[in-house]
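J.: For reference, the structure I am asking about is given below.
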Amino acid sequence: VKYSTAEPYIQIGMQRLPSGHLGIVVRDHGIGIDRSQLKRIFKRFHRAPDPLVNERSGSGLGLYVVYRLLRNLGGRIRADSEGPGKGTTMRIRLPMGANLTAENPQ
């Protein structure tokens, strides 16, 4: 929502992957991310050098914290964007624990 335009539109999807992992996709139609920044956005204190990013407050820690948390849980996160103004898609993959399934969340 923070990096969306005046009318935020966010889609969230979840599915059990054939690998036994849980796949989560979060897609927005916001300001997007320049392709050169896609791998850097998960670095600690990194903020994309974009005026639309810099006009919003932030420390550059949010995506870093998400990245580290997911890694500690055995998961992964990847960002995709067609570029500025094209929105962003975050793809998350988490292992399904023995007692945690899509049908029986705890």
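The values are calculated or read from the model by the stated rules, or taken from the named source; none is laboratory data. As the structure is a prediction and not an experimental result, all values here were calculated from the model. Don't worry about glycine lacking a Cβ; one is built from the backbone with ideal geometry, like all the others, and counts go over all protein chains shown.
J.: Modelled with pLDDT of 85 or more and part of a loop (DSSP other than H, G, I, E, B): does that describe residue 84?
T.: Answer is yes for this residue.
J.: Still on this structure, please answer the following. Just checking, does region 93-104 include any residue being at pLDDT 90 or above and within 15 Å of the chain's Cα centre (by Cα)?
T.: yes
J.: If you don't mind, another one. Could you list, in sequence order, the residues of region 9-61 that are at pLDDT 80 or above and in a helix (DSSP H, G or I)?
T.: Selection gives 35, 36, 37, 40, 41, 42.
J.: I need the full set of residues from region 62-81 which are at pLDDT 85 or above and over 19 Å from residue 16 (Cβ atoms), in order please.
T.: Within region 62-81, 63, 64, 65, 66, 67, 68, 69, 71, 72, 79, 80, 81 meet the criteria.
J.: Return the residues of region 5-49 that are among the hydrophobic types (A, V, I, L, M, F, W, C), buried (at least 16 other Cβ atoms within 10 Å of the Cβ) and farther than 20 Å from residue 93 by Cβ; say none if nothing qualifies.
T.: Listed by number, the residues that qualify are 31, 48.
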